[in-house]
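Single-structure report; data block below.
We did not get these values from a lab; they are worked out from the coordinates using the rules stated. None of these values were measured; they are calculated from a predicted model. Please note: Cβ atoms are built from the backbone with ideal geometry, for glycine as well, and neighbour counts cover all protein chains shown.
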Amino acid sequence: MRFTELSYFVLLVVALAVSRVVRRSTTLGVLWLLAVSLYFYACWEPIFLVLLVVSTLLDYSVGAALGNPANRRSRKLLLGYSIVGNLGMLAVFKYGDFLLDLASEAAAALGHPVALPRLGIALPIGISFYSFQTLSYSIDVYRRQQAPVRSLPEFALFVCFFPQLVAGPIVRAGEFLPQVREPGRPDAGRVGEGLVLICIGLVKKIVLGDQIGRALVEPFFAAPGHYNGPEALLSNWASYFALYCDFSGYTDIALGSALLFGFVLPTNFDRPAFAASPADHWRRWHMTLGTFLRDYLYFPLGGSRGGPVRQWWNLFVVFFVAGIWHGVGLSYVVMGIYNGVLAASWRLLRPAPSPRPWVRGMESLLAFQLTAFSVACLRPIPLARLGEAAVALLRWDAPAGGLFNAWAVGWLAVAIGLHLSPRGWKAALCTWGREAPALALATLGVATGGLCALYAAGTRDFYYFQF
């Protein structure tokens, strides 16, 4: 069940209607939303509910034990259970076959070939997100920044809440759990704002992201050698903004869906193309992953303390981990190394932005382009084809391969224009949604549905669903 399918919106309507009936009882409301969330996840592959339940029970139990004064001496051991359990599941189910393949290749290179069996396990959808989410809870309880949750259903809803279960945002317990018992939610204003965000997200995804990807990105990466430098650069920009429209569109739908039930989820994007540096770019892109890595990896490593070499190393490690978190394969390793070296080197060579506005503008454009190059690594293609794509960027005297398409370039221009537009336009639309009459909201919904239906045949899965 995907956010772009009619079945999802049927589920939303049913879930919202029943929630309005049972919301006077916090317990019934929590149990109902938990049941809806588990059903939503089971629509992909019911067997993987087992992993979701195991992760939930593991960190609920660890949190409860960490809050017990009798376990003062065993607190590190308890936290270790959570770290090993969550990262262990992630390693086995996401990276198991990849690591076995690397081991086989290394053994063969050393003259001792061995055929290691493959696990053959399908990637459980959302495991990269909910494993980090539950792990953050245990760490916060260990640090005494979060009180242990007494109610298992409330904790399970924090982990499984369906709008953000599959691809984030990665929510902290301190952000979500206080809202569970918030009285009088949801109100009409939040519902209206949620509908506006859902409409924005659908247009971003179906009308912009999918069309740009289908016309300008997929043909190029299918045969990079057929295109010249200008087309390669066009495809690079198209790849970046197609992915941006895809993921930020998903996030808008997730935030809007949560608002229908009275929950406010954290912002995940802040116009990353405006970033002043590569590191600033990734602080603005998938912001909840960035804050997770900052709080639970970068700061424990020492952060910005120490000498230049230590700072360089800390930044490199964070970006390398972010790269391999995104997926399985050498291209993700390359992405992590590239962004790690880029961000750390920029930090050392350009520690502060220039005081001159035009220089800051050039730095921002350079940071964007250097970062956009790495987006190609997120394509599920062989590493050799990535090399072909890089070579294509150098062929500025070669004949064109026919990638330029007026309609597709027009959609790309619209996507770039929306990205560069002031924050206020979106805030104004949300404000209008909070105050708009029901008829106006219904008209907006019908118009958005009609527009998206025109492009429904080209709809792709949300890209981050594979993580």
Seminar exercise, completed: All alpha-carbon distances of the chain, grouped into 20 Å bins from 0, give the whole-percent distribution 22, 56, 22, 1
Exercise. Within the P(r) computed for the range 6-184, what percentage of the Cα pairs occupies the region above 24 Å?
Worked result: 46 percent
For this session: Excluding residues fewer than 8 places away in the same chain, name every one of the lysines whose C-alpha is closer than 26 Å to that of Lys426.
Result: Lys204, Lys205
Problem set entry | Spread of Cα-to-Cα distances over 5 Å intervals beginning at zero, given as percent, for the range 183-336 | 2, 9, 12, 15, 17, 15, 12, 9, 6, 2, 1, 0, 0
Exercise. Leaving out same-chain residues fewer than 8 places away, which aspartates and glutamates sit with a Cα under 16 Å from that of Lys94?
Worked result: Glu45
Problem set entry | Segment Arg356-Phe299, length gained on full extension (0.36 nm per residue, minus Cα span) | 17.4 nm
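Report the trypsin sites (Lys or Arg not before Pro) located in the range 407-453 that are in a DSSP loop and have at most 15 other Cβ atoms inside 10 Å of their Cβ, or state none. Please list the in-between numbers first.
Values: sites: Arg423, Lys426, Arg434; in loops: Arg423.
Answer in residue order: Arg423.
If you filter the range 230-336 for trypsin sites (Lys or Arg not before Pro), then keep DSSP loop positions with at most 16 other Cβ within 10 Å, what is left?
On the way: sites: Arg283, Arg284, Arg294, Arg305, Arg310; in loops: Arg305.
Within the range 230-336, the qualifying trypsin sites (Lys or Arg not before Pro) (loop, at most 16 other Cβ atoms within 10 Å) are Arg305.
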For this session: Count the net charge of all other residues whose Cβ sits under 12 Å from the Cβ of Phe316, scoring Lys and Arg as +1 and Asp and Glu as -1.
Result: +2
For this session: Output the peptides 378-391, 222-235 sorted from most to least packed, where packing is the average of other Cβ atoms within 10 Å over each peptide's residues.
Result: 222-235, 378-391
